[in-house]
Amino acid sequence: MANPEALAMLRIARRDLKAAQVLQDNAIDEAIWGFQIQQAVEKALKAWLFHPGEDPPLIHNLTALLERIDRAGAAAQDFRYDADPEPMGLDRSHWLRCAEQLVDHVSSFVR
């Protein structure tokens, strides 16, 4: 039986990913779109950690979550609290595909 916390995080990751898909239009401020991608990735990584019984830390730092996954055996930046972030010129299609692939990957073993 799947870990209920992992399933819950995965549902939230899918919800955030859907929001990022809807907001992909370049007319939407990059910081708003980037926040949604960050949230989708964060929740997918936490689902990954919950799956084997790890207790993910209450953080938003994607790098720290990835390091925790690596330590458990199983290059992101968090700027969500910057009031007026400098545009990074993100390739939204690329990052959306990466987030989709991560959510799909975690979905393959969290069931």
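Below are the figures for this structure:
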{"item": "Spin-label pair Gln101/Asp70, simplified geometry with 7 Å Cα→Cβ offset, distance in nm", "result": "1.8 nm"}
{"item": "Helical mean residue ellipticity (222 nm; -39500 (n - 2.57) per DSSP H run of 4+; nearest 500) of the chain", "result": "-20500 deg cm²/dmol"}
{"item": "Cα centre as origin, Lys/Arg/Asp/Glu Cβ charges: the chain dipole, Debye", "result": "560 debye"}
{"item": "Cα gyration tensor category, rounded, prolate or oblate, for the chain with a/c compared to 1.5", "result": "prolate"}
{"item": "Rough spin-label spacing in nm, given labels placed 7 Å along Cα→Cβ, for Glu30 and Ala2", "result": "3.5 nm"}
{"item": "Selected from Gly73, Ala2, Pro56, residue furthest toward positive end of dipole (the chain; charges at beta carbon)", "result": "Ala2"}
{"item": "Stretchable slack from Thr63 to Lys18, in nm (0.36 nm times residue separation minus alpha-carbon distance)", "result": "13.9 nm"}
{"item": "Segments 91-104, 9-22, 43-56, 26-39 sorted - mean Cβ within 10 Å per residue, highest first", "result": "43-56, 9-22, 26-39, 91-104"}
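FYI, it's all coordinate maths here, none of it is from the lab. What you see is a predicted model, and the numbers here were worked out from it, not measured in a lab. Cβ atoms come from the backbone with ideal geometry, glycine included; neighbour counts cover every protein chain shown.
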